[in-house]
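Reviewing the structure listed below.
The values are calculated or read from the model by the stated rules, or taken from the named source; none is laboratory data. No experiment lies behind these values; they were computed from the predicted model shown. Because the Cβ atoms are built from the backbone with ideal geometry, glycine has one as well, and the counts that use them run over all protein chains shown.
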Amino acid sequence: MTSSTGTTTTAAYAATAPDAPLTKTTVERRALGPLDVLVAVEFAGICHSDIHTARNEWGGTKYPVVPGHEIVGTVEAVGSEVTRHAVGDRVGIGCFVNSCGECDPCLAGYEQHCTRRVVATYNSVDRDGTVTQGGYSRHIVVTEHFVVKVPEGLDPAAAAPLLCAGITLYSPLKRWKAGPGTKVAIIGMGGLGHVGVKIAAALGAEVTVLSHSLSKREDGIRFGAAHYVATSDPAVFKELRGSFDLILNTVSVNLDMDRYLSLLRLHGTLVELGLPEQPLSLRAFSLGMNDRAIAGSNVGGIAATQEMLDFCAEHGIGAEIELISAEQINEAYDRVVASDVRYRFVIDASTF
């Protein structure tokens, strides 16, 4: 509902305390500025980051908080100076909704590394001093630069997790030049890893999944993996020593980094994408051997996100999802923590 001041009051689901379930509420979206886009949300993916924030597991949560940074919807209205999007367009919104636009990273297309502080889609202080609220809602207002187009070839529900999981994997795969003639290993095949397998295979790399067990082997091969091995078998680390050009670690548990680094070829790189609770531990010797490297990667800029969506549309890539109603969010949170989902939950926003 739009007020006389131009703001929009919209239904949402919010957490009000670390131990409180998410409940239905309303939030007020700002009046449409000249460069703003009003998006009617259709689908919102559930990322584990949403759970960490809602439950204040990382600290710093500003309550009440409306999570959600995997957003797909249609443009309902545009500001007077908007040129990138039109009413009726299907669009996506990812992990951040503002940056300074002037620093070197912003000008280079790495808005996520804005030196003056990137504004996250939720639980972040925006440039006007308000606290951002995310995509578990019927509407959201975002500056046009931070809104990407969702190509027609993508299932909009399956596209929602690509706004976080997709770009999180696509960005390092492109940066470290995964493609024909390269061997890529993906550690873990959950919400992040399964998308990484699909993208790496579509890029032309020979993909191996390194998983604790073989319980998802059939899925991994179906997603494009050439090999699927269980790391619970110690012999795997001897057999695969020096095998990979690139390893992407998608799990958020503390692993024996020395063992995984031993799997890299000369000049190979292990990219840490998971967020384990404890600091990483490794021996400098593990890096020196074969001139190996360990690196980090943080989602991707707006241009890279658009490139990723276009690539996924071209290759028929979407997340494997379980579509739920808003009333199932709290149950879904518990199931994510218990690893009881294959592979991402997506909320039908029409149920808010």
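When Tyr343 is tested against (1) surrounded by 20 or more Cβ atoms within 10 Å (Cβ to Cβ); (2) within 15 Å of Pro151 (Cβ to Cβ), only condition (2) is not met.
Take Leu169 and tell me if it is modelled with pLDDT of 95 or more, touching a Gly at 6+ places or on another chain (Cβ under 6 Å) and of a type in the set (A, V, I, L, M, F, W, C). The answer is yes for Leu169.
Only one residue in Gln112, Gln133 is part of a loop (DSSP other than H, G, I, E, B) and at pLDDT 95 or above. Which one? So the residue among Gln112, Gln133 that is part of a loop (DSSP other than H, G, I, E, B) and at pLDDT 95 or above is Gln133. Restricting the first member to the range 47-73 and to residues that are assigned to a loop (DSSP other than H, G, I, E, B), and the second to residues that are of a type in the set (Asp, Glu), the beta-carbon pairs closer than 8 Å and six or more apart or on different chains are Cys47/Glu70; Arg55/Asp19; Pro67/Asp50; Gly68/Asp50; His69/Asp50. The residues on offer are Val66, Val27, Val82, Val41, and the sole one that is farther than 19 Å from Val341 by Cβ and touching a His at 6+ places or on another chain (Cβ under 7 Å) is Val41. For the range 84-105, does any single residue satisfy the condition of being assigned by TED's automatic domain parsing to the domain that holds Tyr333, under 13 Å from His139 (Cα atoms), assigned to a strand (DSSP E or B) and without any contact (Cβ under 8 Å) to a residue 60 or more places away in the chain? Yes, the range 84-105 contains at least one residue that is assigned by TED's automatic domain parsing to the domain that holds Tyr333, under 13 Å from His139 (Cα atoms), assigned to a strand (DSSP E or B) and without any contact (Cβ under 8 Å) to a residue 60 or more places away in the chain. Checked against the criterion of being part of a loop (DSSP other than H, G, I, E, B), in contact (Cβ under 8 Å) with a residue 24 or more places away in the chain and surrounded by fewer than 22 Cβ atoms within 10 Å (Cβ to Cβ), the candidates Ala11, Ala17, Ala77 yield just one match: Ala17. Counting only helices (runs of 4 or more DSSP H) that sit completely within the range 282-352, those holding 3 or more residues that are in contact (Cβ under 8 Å) with a residue 40 or more places away in the chain correspond to 302-315, 329-337. Residues that are assigned by TED's automatic domain parsing to the domain that holds Glu277, crowded, with 23+ Cβ neighbours inside 10 Å and either at pLDDT below 95 or touching a strand residue (DSSP E or B) at 6+ places or on another chain (Cβ under 9 Å) (or both) occur at least once in the range 221-237.
On the stretch given as the range 20-41, residues that are assigned to a strand (DSSP E or B) and surrounded by fewer than 22 Cβ atoms within 10 Å (Cβ to Cβ) total 8.
Within the range 264-274, restricting attention to residues that are in contact with a Phe, Trp or Tyr (Cβ under 9 Å, 6 or more places away or on another chain) and free of Cβ contacts under 8 Å to residues at least 60 places away in the same chain, the residue that is surrounded by the fewest Cβ atoms within 10 Å (Cβ to Cβ) is Gly268. Would you please name the residue that is farthest from Ile46 (Cα to Cα), looking only at residues in the range 172-214 that are polar (S, T, N, Q) and at pLDDT 95 or above? Result: Thr182. Residues in the range 115-125 that are within 29 Å of Tyr13 (Cα to Cα), more than 18 Å from the chain's Cα centre (by Cα) and at pLDDT 95 or above: Val125 alone.
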